[in-house]
Amino acid sequence: MTESANPFESLQSQIDDAAAHIEVGDDVLDRLKHPERVLETNLTVELDDGTLERFKAFRSQFNGDRGPYKGGIRYHPGVTRDEVKALSGWMAYKCAVVNIPYGGGKGGIVIDPADYSESELERITRAFATELRPFIGEDRDIPAPDVNTGQREMNWIKDTYETLENTTEPGVITGKALESGGSEGRVEATGRSTMLATREAYDYLGRDIEGATVAVQGYGNAGWIAANLLEDLGGSVVAVSDSSGAIYAEDGFDTAAVKTFKTDTGTVNGYEGADEEFSNEDLLTLDVDVLIPAALENAIDEDLARDVEADLIVEAANGPLTPGADDVLAERDVHVIPDILANAGGVTVSYFEWVQNRQRFYWSEERVNDELETMIVDAFDELTSAYEANDLENFRTAAYVVAMQRVVNAFEEGGTFP
């Protein structure tokens with residue numbers, strides 16, 4: 001790669017770009033570029049064979065000016081301190097751009113969960129929950145699922161916290177199963193907001209989504225839901241991928257059938273309806289109308305961006321483009337709908353879950369989806385207004401202008417302590 005792939009440096013670069021368009025002093029700006037605290041801990045857990053193993057884990061709390069910290073927990077061998085710092089920052093501004101009253105948080109364990117049994121993963125998760133206990137709570141920090149975590153892990157964390165605190169507090173964590181206080185619509189939320197952002201972008205750009213070709217890098221939960229919902233709008237999903245590679249069909253896939261095949265086999269490769277198979281990188285440079293990166297950060301760097309042929313990129317993943325890639329794509333008039341708006345459905349419906357937990361009153365899936373659509377559409381309108389008013393070169397900077405101004409306003413209204 002020709003540039004740094006450090007995600008925390010990417011975040012800070014994005015903040016600097018937006019700062020040029022709002023009134024903020026260097027001292028306040030410096031505060032907005034760093035987390036307030038980072039927990040780094042080592043978990044020593046007994047495995048099924050009786051041996052002990054140490055796991056490094058992190059939790060970053062980025063900015064609490066607008067409310068309690070909010071953000072997921074990922075299990076991945078590539079988790080680093082700088083990664084969770086960056087992800088917590090993106091969460092802070094993601095919450096601000098969709099105007100929900102949270103700050104930013106993120107956590108992770110350095111682990112490949114595929115190497116461990118369910119009972120081992122439960123002990124590892126409960127060990128991490130025990131370490132997090134002093135820092136989390138429905139008014140402090142509310143974790144959620146992320147890469148390689150889901151309802152199961154959230155339920156374990158909730159149970160551990162409630163057991164140790166001798167209380168009932170479902171709002172301590174979101175992304176739970178329905179029977180444990182989860183929300184209707186939460187599993188589909190990130191993919192749904194990706195679809196909504198794509199739809200709104202097409203409307204704003206004066207294009208017709210009917211028949212638009214779509215490629216999705218990362219056919220996990222967010223990627224497949226986005227693909228399925230765009231198919232419902234008339235889009236043609238011609239390429240999808242997972243960690244093992246990509247598949248292509250000129251006439252488009254039955255997105256649900258591909259998902260079923262992946263669930264049954266663990267991969268999209270080998271799907272009979274595919275015309276050909278190729279690499280993830282080849283998918284990113286396909287000549288399609290819409291490209292949806294839905295895997296991990298730094299998928300597209302400056303070099304690869306020169307070969308991207310999509311007209312519109314909608315970021316379902318966090319940080320899939322490096323700052324250098326943004327610059328190249330802006331020069332080439334490729335529009336990018338940034339992650340802090342496009343994938344904000346997850347945190348938005350997590351917010352709805354938190355509200356329902358606190359009220360002990362639960363909503364229908366129809367209400368959840370309606371409320372989500374309203375918030376994403378309103379946020380997109382705010383983004384495009386900032387884009388036009390400031391004559392900005394891309395939508396990402398516009399999103400950060402909106403988000404940072406809200407965080408700055410909250411900080412200034414609260415004053416400085418001590």
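Tabulated data for the structure shown
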quantity	calculated
As computed over region 215-351, the Cα convex hull volume per residue (Å³)	102
FRET efficiency, 1/(1 + (r/R0)^6) with R0 30 Å, evaluated for R367 and E331 via beta carbons	0.10
Relative contact order (percent, whole number), region 82-212, Cα cutoff 8 Å, 6+ residue spacing	15
Choice from L392, L383, L329 showing the highest fluctuation, given a GNM over the chain with Cα pairs closer than 10 Å	L392
Approximate spin-label separation D115-N409, in nm, with each point projected 7 Å along Cα-to-Cβ	4.7
Values of log10 I(q)/I(0), in the order q = 0.21, 0.22 Å⁻¹, for region 305-365 under a Debye, Cα-only, solvent-free model	-0.79, -0.84
Shape metrics for region 274-418, restricted to C-alpha atoms - Rg then Dmax, Å	18.2, 64
11 Å beta-carbon shell around I340, net charge (K/R +1, D/E -1)	0
Accessible area per residue in Å² at 1.4 Å probe, computed on region 177-286	41
Percent accessible area from carbon and sulfur atoms, the chain, protein chains only, probe 1.4 Å	42
GNM result for the chain, Cα springs below 10 Å: residue of A57, A403, A257 fluctuating most strongly	A257
Estimated distance in nm for a label pair at E162 and N269, the labels positioned 7 Å out from Cα along Cα-to-Cβ	4.2
Helix-derived mean residue ellipticity, 222 nm - over the chain, DSSP H n ≥ 4, -39500 (n - 2.57), to 500	-14000 deg cm²/dmol
Beta bridge orientation in region 163-271: antiparallel %, DSSP, nearest 5	45
Prolate/oblate/rounded label for region 210-254 (Cα gyration tensor, a/c 1.5)	oblate
Under 5 Å, built H, 5+ apart or other chain: amide partners of I73	G107, A144, D146
All lysines inside 30 Å of K70 as judged from Cα atoms, apart from same-chain residues fewer than 8 positions distant	K33, K56, K85, K94, K106, K158, K176, K259
Cα centroid separation - region 178-234 against region 5-79, whole Å	27
The chain pair-distance distribution - Cα-Cα, 10 Å bins, rounded %	5, 23, 33, 27, 11, 1, 0
For region 152-297, Kirkwood radius (reciprocal of mean inverse C-alpha pair distance, Å)	16.6
For region 356-418: accessible area per residue (Å², 1.4 Å)	54
For region 124-224, alpha-carbon Rg and Dmax in angstrom	17.8, 56
Mean separation of Cα contacts under 8 Å, 6 or more apart, over the residue count of the chain: relative contact order %	17
Calculated diffusion of region 174-240, Stokes-Einstein form, Kirkwood radius summed over Cα pairs, 37 °C and 0.692 mPa s, µm²/s	259
Length-normalised contact order of region 26-137 in % [C-alpha pairs under 8 Å, at least 6 apart]	29
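The values are calculated or read from the model by the stated rules, or taken from the named source; none is laboratory data. Computed from a prediction, not measured in an experiment: that's the story for all the values here. Backbone-built Cβ (ideal geometry, glycine too); neighbour counts: all protein chains shown. SASA here: full protein model, heavy atoms, side chains in, ligands and nucleic acids out. Shrake-Rupley method; radii C 1.70, N 1.55, O 1.52, S 1.80 Å.
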